[in-house]
1. Determine, yes or no, whether Lys296 is touching a Leu at 6+ places or on another chain (Cβ under 9 Å) and assigned by TED's automatic domain parsing to the domain that holds Ala321.
2. Scan Glu69, Glu31 and give me the residue that is open to solvent by less than 10 Å² (accessible area, probe 1.4 Å) and not aliphatic (A, V, I, L, M).
3. Can you pull out every residue in region 1-35 that is more than 19 Å from Ala154 (Cα to Cα), in a strand (DSSP E or B) and hydrophobic (A, V, I, L, M, F, W, C)?
4. What's the number of the only condition in (1) among the polar types (S, T, N, Q); (2) open to solvent by less than 10 Å² (accessible area, probe 1.4 Å); (3) within 20 Å of the chain's Cα centre (by Cα) that Gln102 fails to meet?
5. Out of all the residues in region 9-28, which are surrounded by 10 or more Cβ atoms within 10 Å (Cβ to Cβ), within 15 Å of the ligand (Cβ to nearest atom) and not acidic (Asp, Glu)?
6. Restricting attention to region 239-267, and to residues there that are surrounded by 12 or more Cβ atoms within 10 Å (Cβ to Cβ) and over 30 Å from the mean Cα position of the chain (by Cα), which single residue is modelled with the lowest pLDDT?
7. Restricted to region 148-172, and to residues that are within 30 Å of the chain's Cα centre (by Cα) and of a type outside the set (D, E, K, R), which residue is surrounded by the fewest Cβ atoms within 10 Å (Cβ to Cβ)?
Amino acid sequence: MMDKALSDRKVKSVVICGHNGKFCGGADIREFSSPLTGPLLIPVIQGVESAAKPVVAAIEGVALGGGLELALGCHYRIANSKARLGLPEVHLGLLPGAGGSQRLPRLIGVPAALDLITTGRHVTAAEALQLGLVDRVTDRNTVDEAVKFALSVADQSPQSRRISTFPCPRHPDLDALFEDVMQRVRQRARGALAPVACVRAVRAAATLPFPQGMERERELMATLFTSGQARAQQYHFFAQRAVGRWSMPSGARWDKTKPVAVHKAMVIGLGTMGRGIAVALVQAGVSVVAMETNEKQLTDAKQAISSMLERGAKRRGVAPALDKIRYSSDHSRRSRSALTGGP
Ligand SMILES: CCC/C=C/C(=O)SCCNC(=O)CCNC(=O)[C@H](O)C(C)(C)COP(=O)([O-])OP(=O)([O-])OC[C@H]1O[C@@H](n2cnc3c(N)ncnc32)[C@H](O)[C@@H]1OP(=O)([O-])[O-]
């Protein structure tokens with residue numbers, strides 16, 4: 001489709017948009033653990049950037065990872081005011097390996113690019129505009145606006161808009177900047193490889209011509225791509241989402257079930273965790289029966305819980321709700337509390 005649009009002489013400019021209100025969330029992470037299929041992203045982006053006619057990205061929803069890298073290959077970027085943009089690859093144990101680490105610093109400068117690439121944070125359209133990451137933000141239909149814009153620049157050469165040809169904006173003391181950032185990133189990364197590789201890739205953008213920078217990006221990405229850390233972080237991405245899908249054997253799900261008010265609870269076992277749970281429940285206004293079969297543990301727990309409740313009440317300037325808790329050492333007298341549990 002893109003080849004057709006670029007080679008058709010009747011087409012004077014092109015708009016790339018997403019589907020269902022989303023520009024692109026990036027590569028399919030599941031594909032990273034199996035042989036890659038489909039066209040390779042780097043040559044696709046190079047083809048877009050080197051097009052002889054203007055190409056405009058119409059960014060709605062999200063432009064993340066490879067999606068933002070594709071937008072960086074376009075000559076103009078128009079974003080919806082609700083859009084979010086970012087290069088979150090670092091959270092997957094990777095770096096923006098389709099030219100993102102080389103184009104972003106050339107577009108928005110080294111410090112801002114280091115921030116976005118090493119933290120993986122998403123920016124709003126407003127911040128993207130401020131950073132120079134997008135050219136225009138609209139509240140209207142983004143694709144319509146991008147088409148209007150593309151028609152208005154149809155007779156202009158995109159030559160001066162190819163980010164790969166931009167010099168990286170100069171910084172007064174590049175060595176000091178990278179030394180400082182690397183130190184902070186290493187501290188924060190606690191042994192993670194990707195954030196450090198991200199800094200190295202941006203350094204390549206700041207110090208090498210684009211083709212050599214791309215080669216360095218490729219080398220760094222190759223090391224990360226097969227690392228155990230990347231696999232673990234990608235597993236973590238899906239595991240986090242799976243947690244949100246849990247259901248009870250009855251089929252009940254946290255997001256489809258109405259909350260039930262809890263007035264009474266029993267905490268079984270008054271070790272460190274049980275004491276904390278009992279205190280939290282009492283402070284939330286729940287009547288608690290705290291059960292512990294070990295007499296010595298029970299005596300210690302009573303004292304510890306009372307002083308925690310007193311300290312908490314003092315901080316909040318209220319009376320301690322000591323009457324909300326009863327203690328028991330008789331396991332056979334488990335009450336019919338709405339909530340029963342213990343560590
Ligand atoms: C050289 C290569 C260069 C390119 C590298 C990259 O682009 S790296 C990529 C860089 N990009 C990123 O790191 C972006 C990662 N994604 C996100 O940040 C968010 O998912 C979101 C903001 C896109 C949507 O948030 P939201 O709260 O609206 O929705 P949600 O989060 O609940 O997800 C809905 C469903 O989609 C699934 N899924 C989502 N993304 C991916 C994916 N990339 N892949 C596969 N699956 C993905 C997700 O598992 C879930 O599936 P389920 O559980 O229903 O079976």
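The values are calculated or read from the model by the stated rules, or taken from the named source; none is laboratory data. Computed from a predicted model, the values in this text were never measured in an experiment. Cβ placement follows ideal geometry from the backbone for every residue including glycine, while neighbour counts extend to all protein chains displayed. The area values use the complete protein model at the heavy-atom level, side chains included, leaving out ligands, DNA and RNA. Shrake-Rupley method; radii C 1.70, N 1.55, O 1.52, S 1.80 Å.
1. Judged against the criteria, Lys296 is not a match.
2. Details: Glu31 fails: open to solvent by less than 10 Å² (accessible area, probe 1.4 Å).
On inspection, the qualifying residue turns out to be Glu69.
3. Residue satisfying the conditions is Cys24 alone.
4. (3)
5. Selection gives Gly18, Gly21, Lys22, Phe23, Cys24, Gly25, Gly26, Ala27.
6. The extreme case among them is Val262.
7. Our first condition is that a residue be within 30 Å of the chain's Cα centre (by Cα); within region 148-172, this holds for 161-171.
Restricting the remaining residues to those that are of a type outside the set (D, E, K, R) gives 163-169, 171.
Values: Ile163: 19, Ser164: 19, Thr165: 11, Phe166: 14, Pro167: 8, Cys168: 22, Pro169: 16, His171: 15.
The residue in question is Pro167.
Per-residue answers, yes or no, for (1) touching a residue at least 12 places away in the same chain (Cβ under 8 Å); (2) within 15 Å of the ligand (Cβ to nearest atom):
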| position | (1), (2) |
| --- | --- |
| Met214 | yes, yes |
| Ala222 | no, yes |
| Ser227 | yes, yes |
| Ala230 | yes, yes |
| Ala239 | no, yes |
| Ser247 | no, yes |
| Ser250 | no, no |
| Arg253 | no, yes |
| Val260 | yes, no |
